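Note sheet for the following structure.
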Amino acid sequence: MDATTSGTPTIQYHNITDQTITAIVVATPLPTFQRQQRQCLGNSTPGEFPLSASPSIVLHVLTSCNLDPQDLAKLEATCSFFRQPANFAPDFALSLAELAAFDMCMKRAIFKPMTTEERQDLKQRCGGSWKLVLRYLLAGEACCRREKSQAIAGPGHSIAVTSKGDVYSFGSNSSGQLGHGTTEEEWRPKPIRTLQGIRIIQAAAGAGRTMLITDSGQVYAFGKDSFGEAEYGGQGSKTVIAPRLVESLKNIFVVQAAIGNFFTAVLSREGRVYTFSWGSDGKLGHHTDSNDMEPHPLLGALEDIPVVQIAAGYCYLLCLACQPSGMSVYSVGCGLGGKLGHGTRTDEKFPRLIEQFQTLNLQPMVISAGAWHAAVVGRDGRVCTWGWGRYGCLGHGNEECEAAPKVVDALTNVKAVHVATGDYTTFVVAEDGDVYSFGCGESASLGHNAVIDAEGNRHANVLNPELVTSLKQINERVVQISLTNSIYWNAHTFALTESGKLYAFGAGDKGQLGIELVANQTERVNPEQVDIDLG
């Protein structure tokens, strides 16, 4: 690297004290090596290889190595070669670092089909740099398993998506939420055949309904024909028993969906959030009928800030936003129990920044919204939880509510990469693949062997994070945990491994585990492999 043009000051050496160097005794003499000179180009001094001699090779190396946006920014900051115009298409004014970021963006399935105007709009929305666009795209892939295999433990039914985009469903089917054209339960994973040839990259499961996102940004929905109807006591009973395109979203390129009990939210590839229903009294910033089938943009603070992930709880929504200054979390909806994270229990009609993460000096990377509590994983691997602490689901050793994010001290020595929350239950996946769980395990959904007393009562509450030893015994690295997030169903849990194997445990009375139960069994205590390959 040409340090003379980088602007880096000459290093001054001062007050370096002399130290005695201990002699190293060598049994045999070391061989003598001749110093070799590197080949030079043009008029360069022998021994030098200036970067400017072949910028196209440098660009290829930067792109093929998949450097982080932060690394590209550091190259620009330390050497003028990387920040001066590179004179390459498509924009001759861009630097090598910016071009490398653009080339890596082009590798992303949701970015490549965008028009030039759409790409420029996204660039400005992210902060005016292709490095920031790349950071936005990478953040979305990391927290949502976009375009990767995934399993969704819904309320009474389950959805599994293979790495190729094929979809399987099983479990309860009273509203046609399995998408097979019937209302019969399925106890084994069954492919949704009407979707053959269509690649699915994301799935969401709610009470009696399912949503699937294709690689072209289209949305299929089936089950209850409502985006805001709760499992019980809702309006109407119309059902859709086979996948049907959501026409109202045909002009929005959707990359993620999240289903709450009274509303549904979707996220566009530009990072805009849209919501359906639950607009009465302006609970989500708009006034609509509960059966409204039209998406409404989430107004307020996030109108001009790109969002990379959304997570829906029982009556609230979390948004992970990507700003030039870093990642942040916003919340909106019902504040009961302190689950919005603002230090109060008041409702918020518009998205509001959770400021506690700045106080904790924590960069949020993954969010999860349980029915009544929430969790975040930071870049440094710390885990924060807040909201209703019933059954110990916050992992702080008690059942108290926390109205603002609080670091789980018991996980101090664990570097987390993934978190999942449900109905008073929480799972944390560590970088090494270990899994920890805490909270309510009434239906054996925590993966621990709960003690049953003489009266038959199960003592399943876990107030502090405990290693799920039953998952450690499978000798495979776990990459995703999904668990039921509903107050109306007994919970079940999926653990997906790096090789694409799926393990299930917890409640299985409707076939939602994908495993046949024998005799009068209603649950599985220990993880059992589901007969499906998601790799």
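For the reader, a short list of remarks on this structure follows.
- Peptides ranked, highest mean first, by Cβ atoms within 10 Å: ranges 397-403, 282-288: 282-288, 397-403
- Ordering 156-169, 189-202 by mean Cβ neighbour count within 10 Å, with the highest value first, yields 156-169, 189-202.
- When the helices of the chain are scored as -39500 (n - 2.57) per DSSP H run of n ≥ 4 and the total is divided over every residue, the value at 222 nm lands at -3500 deg cm²/dmol.
- Rounded if a/c under 1.5, otherwise prolate or oblate - segment 189-301, Cα gyration tensor axes: oblate
- Segment 383-410 and segment 171-216 have Cα centres spaced 34 Å apart.
- Inter-label distance, nm, simple model (7 Å from Cα along the C-beta direction), THR359/LYS415: 2.8 nm
- The slack between CYS65 and ALA519, meaning 0.36 nm per residue of separation minus the straight C-alpha distance, is 158.0 nm.
- Here each label is just a point 7 Å from Cα along the line to Cβ, and for ARG477 and THR346 those points are 4.6 nm apart.
- Spacing of the modelled spin labels on LYS190 and ASP432, each 7 Å from Cα toward Cβ, amounts to 4.3 nm.
- Only aspartates and glutamates eight or more places from LYS164 in sequence, or on another chain, were considered; those with a Cα closer than 18 Å are GLU141, GLU147, ASP215, GLU498, ASP531, ASP533.
- Over 23 Å between alpha carbons, listed pairs LYS123/LYS339; LYS148/LYS339; LYS112/LYS224; LYS107/LYS148: LYS123/LYS339; LYS148/LYS339; LYS112/LYS224
- The share of Cα pairs per 10 Å bin across the chain, counted from zero up to the longest distance, runs 4, 17, 26, 23, 14, 8, 5, 2, 0 percent.
- For segment 55-142, the dipole from Cβ point charges (+1 on Lys and Arg, -1 on Asp and Glu) about the Cα centre works out to 80 debye, to the nearest 20.
- Residues with amide H under 5 Å from that of VAL255, placed H, sequence gap 5 or more: LEU267, SER268, ARG269
- Working from the Cα coordinates of segment 55-142, the gyration tensor eigenvalues give, after taking √(5λ), semi-axes of 20, 14, 12 Å in decreasing order.
- Aspartates and glutamates whose Cα lies under 14 Å from that of LYS74, excluding same-chain neighbours fewer than 8 positions away: GLU98
- Using the Karplus relation 6.51 cos²θ - 1.76 cosθ + 1.60 with θ = phi - 60°, the per-residue 3J(HN,Hα) values for segment 510-515 come to 10, x, 5, 7, x, 10 Hz, with x marking Gly and Pro.
- The relative contact order of the chain, computed from alpha carbon pairs under 8 Å that lie at least 6 residues apart in sequence, is 10 percent.
- Contour minus Cα-Cα distance for ASN464 and SER280 (0.36 nm per residue): 62.4 nm
- Fully extending the segment from GLU498 to GLU294, taken as 0.36 nm per residue of separation minus the present Cα-Cα distance, adds 69.6 nm.
Every number in this text was worked out from the coordinates using simple rules, so none of it is lab data. Because the structure is predicted, anything quoted here is derived from the model rather than measured. Cβ: placed from backbone, ideal geometry, glycine included. Neighbour counts: every protein chain shown.
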